[in-house]
Amino acid sequence: MKLCDFVIPADIDEARARLRELGDAAFPTAGGVSLHFLRFAEPKTAVDLTRLGLSGISRDNGRFTIGATTPVCDLQKHVAEGWVLDRVARRFVTQQIRNISTLGGNICRVFWWSDFPVALLALDASVAVRGESETVLSAEEFLARPLKLLKPGTLVVAIDIPAVESGAGFGYGKETRVGSSFSLATAAACVVVEGNRIKQARVAAGASLSMPQLLPAVGEKLAGETADREAIEKAVATGTEGLAWKGREGMSDPYAAELSRIIIADAITDAVAEART
Amino acid sequence: MSTVKQISLTLNGEPKTFETTADETLVDLLRRHGYRGTKTGCYEGACGACTVILDGRAVYGCLLRAFQAHGRDVQTIEGAGSFDDPHPVQRALVDEGAVQCGFCTPGMVLSAKALLDETPHPGSDTIKEHMDGNLCRCTGYEKIRVAVEKVAASTAMP
Ligand SMILES: Cc1cc2nc3c(=O)[nH]c(=O)nc-3n(C[C@H](O)[C@H](O)[C@H](O)COP(=O)(O)OP(=O)(O)OC[C@H]3O[C@@H](n4cnc5c(N)ncnc54)[C@H](O)[C@@H]3O)c2cc1C
Ligand code: FES
Ligand code: FES
């Protein structure tokens, strides 16, 4: 038995109160999909988070704010200028999983295969966390230790990302054995291109690393480079030196490194192509 | 000890109240109450046999806990159509010879229905994208694809 009881709070104050009361015996439940992968020493009480008014996507001042319990299918179907998360959502399998899993759930308990942490790191997203007060953290700060930050009664309420506007581009790459299997390599890139040069780049990768992570050295190597495949591959090769790659599903570590470099270069190439249109 | 609690939901258009525990999956609750058209295969979100429609969206009944459906609208295959009055997707699957053992069929019908209810005339890529969570071991998918595309191209949706 994983769960011994459930409560369905009607608003965020009630949810936070119940979570504080229950402490470690609570399991804040958004889509609840991660329960499939978890084992608990003692059964927990599920505290439903899906009716707290924390779902939806809005746009203000060139940024999108996404409620924590927004399901992945809403990210998949959202259409707006500068909106790029539909491309990540489409690689998140399957439709039934996209229909239940939430963005918050995907970033609060991060697995090596998790898609959105990689994208949010590249997009320089921020994460709004509600405890006694509301704190806004960069995706990098938050994703380094989400479960440690989320003390009982503390919830992620929203995720904020920039609209990818003209001159900028985004790319997301994911390699799997078959469409519905776990990722072997994931990568995301966000670039700004000026003329024929990459002005700025943020690149992140996951799946073949222990956890999704930002690759600042790749971004630094790309800045000022010509926006062509050769320069991109060179920056990826030198910027990923020394990383501890991990082969999944029987893949060797060196193969994972090679595969990942290609997926990262592809994501950057796609981002550059978009920035130029 | 699991606490037994009541949940209320709309099932195939009718208000219903059930007793459940936090660990019970939606598919187990449904089958326990005789809605056996919803199948169980893998129990791990891989095959789609347990697909039901929750608030208009296809979901895996084996991953969803029953309490998550409290206050929501649930449709099972029993509500989609009948032998005498099949749903257009059911009719098309039969016409195209897209049903062999039939184990995947309730899930296929509900995934297609959820999509067509939301988007009556989806393109081929949208159909593929929305039906990526249903496996079929018999048909090779081609006939299923043709059947759903036929319904999408027609005006037969109620
Ligand atoms: C068959 C299958 C296929 C999958 N495919 C993919 C895939 O392609 N890509 C991918 O990235 N993932 C995939 N996943 C899902 C993924 O691994 C996660 O389990 C899922 O994203 C979790 O989302 P959820 O809304 O269900 O979160 P939950 O399971 O409800 O929660 C996850 C964790 O976050 C906490 N939490 C949730 N929301 C909040 C909040 N607002 N504030 C504080 N804490 C919170 C919960 O307490 C829990 O610890 C797949 C899972 C399965 C079973
Ligand atoms: S039984 Fe639910 S997906 Fe296979
Ligand atoms: S008809 Fe047999 S599994 Fe699809």
Residue count, region A:54-72 (criterion: surrounded by fewer than 21 Cβ atoms within 10 Å (Cβ to Cβ) and within 14 Å of chain B (Cβ to nearest Cβ)): 1
Yes/no for residue B:106 being more than 13 Å from every other protein chain (Cβ to nearest Cβ), modelled with pLDDT of 95 or more and within 16 Å of ligand 3 (Cβ to nearest atom): yes
Options A:166, A:208: the member that is free of Cβ contacts under 8 Å to residues at least 12 places away in the same chain and among the hydroxyl-bearing types (Ser, Thr, Tyr): A:166
Those residues of region B:56-92 which are within 9 Å of chain A (Cβ to nearest Cβ) and open to solvent by 50 Å² or more (accessible area, probe 1.4 Å), in sequence order: B:57, B:70, B:71
Residue in region B:3-24 that is open to solvent by less than 30 Å² (accessible area, probe 1.4 Å), closer than 25 Å to residue B:129 by Cα and either within 14 Å of ligand 2 (Cβ to nearest atom) or not assigned by TED's automatic domain parsing to the domain that holds residue B:129 (or both) present: no
Output for region A:1-53, where each listed residue is of a type in the set (Asp, Glu) and within 13 Å of chain B (Cβ to nearest Cβ): A:5, A:42, A:48
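Looking at region A:15-53, which of the residues that are free of Cβ contacts under 8 Å to residues at least 24 places away in the same chain and away from ligand 2 (no atom under 16 Å from the Cβ) is surrounded by the fewest Cβ atoms within 10 Å (Cβ to Cβ)?
So the residue we want is A:41.
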For residue A:135: the one exception among (1) among the polar types (S, T, N, Q); (2) more than 14 Å from chain B (Cβ to nearest Cβ); (3) under 21 Å from residue A:186 (Cα atoms): (3)
In region B:110-158, the residues that are among the β-branched types (Val, Ile, Thr) and either within 14 Å of another protein chain (Cβ to nearest Cβ) or within 16 Å of ligand 3 (Cβ to nearest atom) (or both): B:119, B:126, B:127, B:139, B:144, B:146, B:148
Strands (runs of 3 or more DSSP E) (entirely within region A:1-117) containing at least 3 residues that are more than 18 Å from residue B:65 (Cα to Cα): A:57-60, A:63-67
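The values are calculated or read from the model by the stated rules, or taken from the named source; none is laboratory data. Please read these numbers as outputs of a predicted model, since none were measured by experiment. Neighbour counts are summed over all protein chains in view; Cβ atoms, including those assigned to glycine, are modelled from backbone coordinates with ideal geometry. With ligands, DNA and RNA removed, areas are computed over all heavy atoms of the protein, side chains included. Shrake-Rupley method; radii C 1.70, N 1.55, O 1.52, S 1.80 Å.
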